[in-house]
Structures are given as C-alpha cells and as structure tokens.
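This report concerns only the one structure given below.
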Amino acid sequence: MIRILVADDEVLIAQGIRQYLEHAGLQVIAVASDGEEAVAKTLELKPDVVLLDITMPGKEGLEALAEIKAARPETTVIMLTGHRKPALLVQALIGGAAGYLTKTESGMQNLPNLIRSSVEGSETIVDRDLLQRTIEQLTRDPSPEAAQKRARVRRLTDQETRVLRLIALGYNNLEIARELVISRNTVKSHVHNILGKLRVSDRTQAAILAHESGIMDLGPPGQESG
C-alpha cells in the first residue's frame, strides 16, 4: 500500500484530496497545513509520497521540498499548484520533485494514476516541454552535485545506461521493451536498479540526472558500442 501525506494550507482542498485518494484505494496517513508541518510529519511518518502545495504560509513549498529531499531522498514529492507557472515548476524539478499537479477537476482525476506511476517507476510523469526547460536551466547553471551525479551514472551497466537514456527521452516501459527487444519485466527490473544506483525516487529525477551527466551526447540509445 502506497502511504501518502497531503500538505495544503486550504483545509477543504486537503480533505477533498484525502477523501478522493482513499476512495481510489490509496492510503493517506496524514494531512499538513503548512510547510513546517509537512517536513515534520514526513520525517516522523516516512510516507512514500508527499503531495506538497507550492504556495503555503510560513515555509513555502519549494523550501519544504528541499528539506524533505535532503532528509529522505527516497520519498516521492509531487507538487500541487493552483496555476501552472513554468519558472516555479522548473525550480521544483531541480529541487527533486517528481512532477506537479494542477488543483483543477481535470488534474485531480488523474491523481491516483499519477501517484502509482511515480512510485512504480513505470513512466515519467512530467511533459517533455517542462523537462526540456529544466534541462536548459541546468545547462546554464549546473547543480553543485553534478560531478557526484556523473559518478553515480558510471555505476550503471551498459544495458542500464541504455534504459536510462530512453527514460530521459520520455519512453515508458513498454516503449523501452520494444526498443531494446527485451521483456517489460526486464525493463521494470532495470528501472528499479537504476533508481537505486542513482539514489533518486522517480523517473523524472533519473531523466534529469541523465541529461546533467552528459550521457545523452553518446549517440542514439541502444546503438552505442559497449
């Protein structure tokens, strides 16, 4: 069972999300009303997923995100936002978020699947345009941990590297299986190993790390030597 923490300063929205997720068969273990409480409850309860509002009183969502990922990098964080602001969302992805969800009826309808996909690592949950904006930002201003990330990528096997590069291009597990002529179960196993070796919680962060490490410059995935 996926254990979820919902953090939103609007009580009715937070409770509505809780009820919707529980109706969908997911487990909401707590609700937080601000960034400080979100961090504290994450450290105490160790949820698998935190749904974190970007705009909250006191400690903002991006600040809470940084503290959560520093303390529990294995926790998947999905940002909640009332408005799609690309600059904020790029900063959220750079800060470790798996993706974002707009607090609209259409956005909420996909929330259970979004949570499952992010935890299972079956597909990247952000669109390619936003991912590209994030990569461009990191190219202009590399993260301080870029060298450490490159070292983690070197721990991957050749096949895991091929899978990672396809993840970074936005391929889902079925597409990767077809491209590399392997089974979906084998892809799933590779993805699990990749996330563990890279010390990231989700495919979005794996994709960002792949671009930041420079392995996307090696030529078409699956055709490089080695």
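The values are calculated or read from the model by the stated rules, or taken from the named source; none is laboratory data. Keep in mind it's a predicted model, so treat the numbers as computed, not measured. Methodologically, a virtual Cβ is constructed for each residue, glycine included, from the backbone with ideal geometry; neighbour enumeration extends over all protein chains shown. The area values use the complete protein model at the heavy-atom level, side chains included, leaving out ligands, DNA and RNA. Shrake-Rupley method; radii C 1.70, N 1.55, O 1.52, S 1.80 Å.
Regarding the stretch 195-214, can at least one residue be identified that is free of Cβ contacts under 8 Å to residues at least 40 places away in the same chain and open to solvent by 80 Å² or more (accessible area, probe 1.4 Å)?
Just the residues of the stretch 195-214 that are free of Cβ contacts under 8 Å to residues at least 40 places away in the same chain, to begin with: 196.
Those left that are additionally open to solvent by 80 Å² or more (accessible area, probe 1.4 Å): none.
For the stretch 195-214, residues free of Cβ contacts under 8 Å to residues at least 40 places away in the same chain and open to solvent by 80 Å² or more (accessible area, probe 1.4 Å): absent.
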Revision key, fill the gap. Residue 207 passes all but one of the listed conditions (1) modelled with pLDDT under 95; (2) over 22 Å from residue 48 (Cα atoms); the exception is number (2)
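Would you be able to tell me the number of residues in the stretch 40-58 that are among the β-branched types (Val, Ile, Thr) and more than 20 Å from the chain's Cα centre (by Cα)?
Going through the stretch 40-58, the residues among the β-branched types (Val, Ile, Thr) turn out to be 42, 49-50, 54-55.
From what is left, the residues that are more than 20 Å from the chain's Cα centre (by Cα) are none.
The qualifying residues number 0.
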Point to revise | Only one of 214, 196 that is of a type in the set (Gly, Ala, Ser) and either in contact with a Phe, Trp or Tyr (Cβ under 6 Å, 6 or more places away or on another chain) or over 18 Å from residue 121 (Cβ atoms) (or both) | key: 214
Exercise for review: Name every residue in the stretch 127-171 that is open to solvent by less than 50 Å² (accessible area, probe 1.4 Å) and either of a type in the set (Ser, Thr, Tyr) or in a loop (DSSP other than H, G, I, E, B) (or both), in order of residue number.
Suggested key: 134, 143, 156, 161, 170
Practice item. Take the stretch 155-183 and flag every residue that is among the basic types (Lys, Arg), touching a helix residue (DSSP H, G or I) at 6+ places or on another chain (Cβ under 8 Å) and farther than 19 Å from residue 202 by Cβ. Key: 162
Point to revise | Criterion (under 23 Å from residue 80 (Cβ atoms), open to solvent by 80 Å² or more (accessible area, probe 1.4 Å) and either outside any helix (DSSP H, G or I) or out of contact with any Lys or Arg (no Cβ under 8 Å at 6 or more places or on another chain) (or both)) met by exactly one of 123, 179 | key: 123
Check your understanding: When you go through (1) farther than 29 Å from residue 29 by Cα; (2) in contact with a helix residue (DSSP H, G or I) (Cβ under 9 Å, 6 or more places away or on another chain) one by one for residue 148, which number turns out not to apply?
Key -> (2)
Point to revise | Candidate set: the stretch 122-163, residues that are at pLDDT below 85 and of a type in the set (Asp, Glu); chosen: the one nearest to residue 175 (Cα to Cα) | key: 123
